[in-house]
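Worksheet: the structure to be examined is printed underneath.
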Amino acid sequence: MHLTDSPDSAPADETSFETFRQVDIRVGTIVEAAPLEGARKPSIRLLIDFGPGVGIRKSSAQITDHYTPEDLVGKQVAGVVNFPPRQIGKFMSEVLTLGFPDQDNRIVLFSPDQPVPNGARLA
């Protein structure tokens, strides 16, 4: 799932810090990546290791413009681990992998610029 807005859009409505903290954003390492067969839009199926507290979770991402499955194994990414699973075609996605649209609206993954432990929570 990708949610995009124009960079020129105004900020979203104000929210509380307590509400924000309810969204559990963690870092994990991609341990497996492959094309998602049967998807309407080209997508990659990911297995992401979020450490012992969360475990390995599945995600689907429409990121084929910038990434190949081979490029992704070993890459650390950020994801929301406490949203309910979502059916994507025949695939059940368990994590929302986070990314931002580039100037052509193609998704660029959000990842730390230094290694962090799998399962590290947004601080």
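The values are calculated or read from the model by the stated rules, or taken from the named source; none is laboratory data. This structure is a prediction, so every number in the text was calculated from the model and none was measured. Cβ atoms come from the backbone with ideal geometry, glycine included; neighbour counts cover every protein chain shown. Protein only, heavy atoms only, side chains kept; ligands, DNA and RNA dropped before computing areas. Shrake-Rupley method; radii C 1.70, N 1.55, O 1.52, S 1.80 Å.
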*Using just the helices of the chain, give the 222 nm mean residue ellipticity in deg cm²/dmol: DSSP H runs with n ≥ 4 each add -39,500 (n - 2.57), and the total is spread over all residues, rounded to 500.*
-1000 deg cm²/dmol
*Which trypsin sites (Lys or Arg not before Pro) in the stretch 46-111 pass both tests, a DSSP loop state and at most 16 other beta-carbon atoms within 10 Å?*
75, 90, 106
*Quick one: pull the percent of accessible area on the chain belonging to carbon and sulfur, 1.4 Å probe, ligands and nucleic acids left out.*
53 percent
*asked:* Ignoring solvent entirely, what values of log10 I(q)/I(0) come out of the Debye formula for the stretch 1-69 at 0.13, 0.21, 0.24, 0.26 Å⁻¹ when each Cα is a single scatterer?
replied: -0.57, -1.00, -1.05, -1.10
*For residue 39, what charge total do you get from the other residues with a beta carbon under 15 Å from its beta carbon, if Lys and Arg give +1 and Asp and Glu give -1?*
+4
*For the chain, count all C-alpha to C-alpha pairs, find those more than 18 Å apart, and express that count as a whole percent of the total.*
54 percent
_Solvent-accessible area per residue, Å², over the chain with all protein chains present [probe radius 1.4 Å]_ = 66 Å²
*Would you calculate the separation in nanometres between label points at residue 68 and residue 92, each defined as 7 Å from the Cα along the Cα-to-beta-carbon direction?*
3.2 nm
*Just tell me the longest site-free run in the chain, where the sites are GluC sites (Glu not before Pro) in a DSSP loop having at most 16 other beta-carbon atoms within 10 Å.*
38-123
*For the pair residue 16 and residue 41, how long in nm is the line joining their label points, each one 7 Å along Cα→Cβ?*
3.4 nm
